[in-house]
1. Using a cut-off of 15 Å between beta-carbons, work out the net charge of the residues near residue 536 (Lys and Arg +1, Asp and Glu -1, residue 536 not included).
2. Taking R0 as 35 Å, what FRET efficiency do you get between residue 403 and residue 102 from their Cβ-Cβ distance, rounded to the nearest 0.05?
3. Using modelled amide H (1.01 Å from N, peptide plane; none on Pro or chain starts), what sits under 5 Å from the amide H of residue 421, excluding residues fewer than 5 places away?
4. Roughly what would the spin-label model give for residue 307 and residue 512, points 7 Å off Cα along C-beta, in nm?
5. Ranked highest first by the average count of other Cβ atoms within 10 Å around their residues, in what order do 92-99, 320-327 fall?
6. Please list, in chain and number order, the residues 5+ apart from residue 381 or on another chain whose amide H is under 5 Å from its amide H, with Hs placed from the backbone.
7. Equivalent ellipsoid semi-axes for the stretch 456-538, as square roots of 5 times the alpha carbon gyration tensor eigenvalues: give them largest first, rounded to whole Å.
8. Using 0.36 nm per residue of separation minus the Cα-Cα distance, give me the extension gain between residue 412 and residue 520 in nm, one decimal.
Amino acid sequence: MDSHKPDEDTLLALPPHPTDDLPTITPEDADAQAAAIDVPDDTGEGDRIRMIVQLVKRSFGVKDLAAMRLSLPASLLEPIPNLEYWHYLDRPDLFITINDHEDPLERMLAVIRFAFSKDIRHLRGKPCKPYNSVLGENFRMHWDVAPISYDPDDRTPIITNHVDPPSKPHLIHTDSGGLKAAKGSSKSGRVGAFGSLLSMKGWSSPAVDRAAPTTVVESNVSAQLSNLSLASTRTGESGSGSASASTSSPPTSMSTASGTLRVAYLTEQISHHPPISAYHATCPARHITLSGIDQISVRVLPSASLRVSSGAMNKGLFVTLNGGPGAGERYQITHPVAHVNGVLRASFYATVQESTIVTCTGGPGVGNGELLRAIVEYKEESWLGKPHFAVEGVVHRYDPSSHEHEEWTKVKHVPPARAEAYFEGCWRNVVRWCPASSVVAKGKEAAEWTTLIDLTPLRSVPKMVRPIAKQQPTESRRLWESVTSRLLRKEYGEATRAKHTIEQRQRDETAERKRRGLEFVPRYFEKDIQSGVPVLTQAGREALEEEVRYEDEDDAGGEQRNSAPAPAS
């Protein structure tokens, strides 16, 4: 699932005690009214829920909420900067496996596996609203992950880090729309029962899977407890473990001296109206990068749900292989359409509709000048009953010189003769796959299915972030520290005033540039983003190289490098 980055506050600002006769706010006067909001120091859950309901009522008919210049009171926000919260590397260990495989089909399956796993936090927690990014704000982080090993028989990845132990049989969807246990002809997923979990005090994800007996608790800010979740803060205990060695594992020469691989990430807010950010991640040891532009379009539907789709500059995620088995390949992963439901009950959950298209360009191909393309089709949910979160898909060959494949957006559109593999399941737990030849020879039910990915036990891999004292003034945690510390102390009025101070400073800087006839120039990314693939500037390349080489160490002040900002004493 892709929950796209809400760089702008996507709902209208309200006073602390909503009434039914509030005036309509237009884009022209929204900033003025938002700046005048007075939020009480102690806003209860009831007040927040009433505010959400009024926000939705007043948003009907607005074409694109994300493009409006609005500001929410701090009590409705998650205590985390926007650029830190929204990224696509919840499982960087699965991201770097894409270039482990010699076979083009296995590389495509690895890309699909990554696409399902990149937003794990949204499967475990409720949708929430982080801070609104300001122009020029940037954020850097990294992960050190152990290489994943593979089952020698079917090359299924063996995932042992940052997982929960299995608690019950997993379910898959049948053709009739029902559920059955994933057993029989479907091989079990290779997910380790006890992973290497984080052992330190932290903040729980807004909504955890209560079926699991053990819950992984991230200690980074992205796992902060949402003020809207009605859940309670808790502390997690950890187990230990590491990826086991395998004869089919990638060569050890591609690993670091410590046996882990460094994945570095950089993002910057390059436009404020409309809100647009650029991002770039790299793992030099695996010759792989991830880049893209984030821009969304949001509107309220008659059902009071929010429809979130890609903005004009958002062409999807781009995975580029600069060496190794897939040298020269680039995979474009488009975003589906997301719906945020349960808004009026303040009990949020997300569903996904339409399709994700994964297109491989460049590289060695699969012969006869053909390349691989995949369709991930999210099945439409019924208005009645509980959502099933069903998905099906196909990997097929296509001719880059032809355009007929561009019309194929559903599995049924693809001619069987072009299919290489099929997959199906539930994008919240188990997805299985089988070769197309097995379906042709034995039929769908008798075909040999293998687990593509089991998302049920997976948890986000904690990020590593330099201490605030070592960050620049425009880096997210340092920039928003005054708001975060007050939100953690539940000083909502003070947090809102601190937030308004930051936003007013941005308005003043914008006005000064306009007065002097100057145009904002991003620091880390080139200005031209028409292709959807951002290009790093020299400063951007240097910042990423610095993050790749950064040696983690405890700050003298006692702030843990990957922990949530501690409330001030």
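The values are calculated or read from the model by the stated rules, or taken from the named source; none is laboratory data. If you're wondering where the values come from, they're calculated on a predicted model, not measured in any experiment. In this analysis, Cβ positions are derived from the backbone assuming ideal geometry, glycine residues included, and neighbour counts consider all displayed protein chains. For the accessible areas, the whole protein counts, side chains as well, though only heavy atoms, and no ligand, DNA or RNA atoms are used. Shrake-Rupley method; radii C 1.70, N 1.55, O 1.52, S 1.80 Å.
1. -3
2. The computed FRET efficiency comes out at 0.70.
3. 395, 436
4. 4.2
5. Averaged packing, sorted descending, gives the order 92-99, 320-327.
6. Correct list: empty.
7. Semi-axes (√(5λ), whole Å): 28, 24, 13.
8. Gain in length upon complete extension: 34.2 nm.
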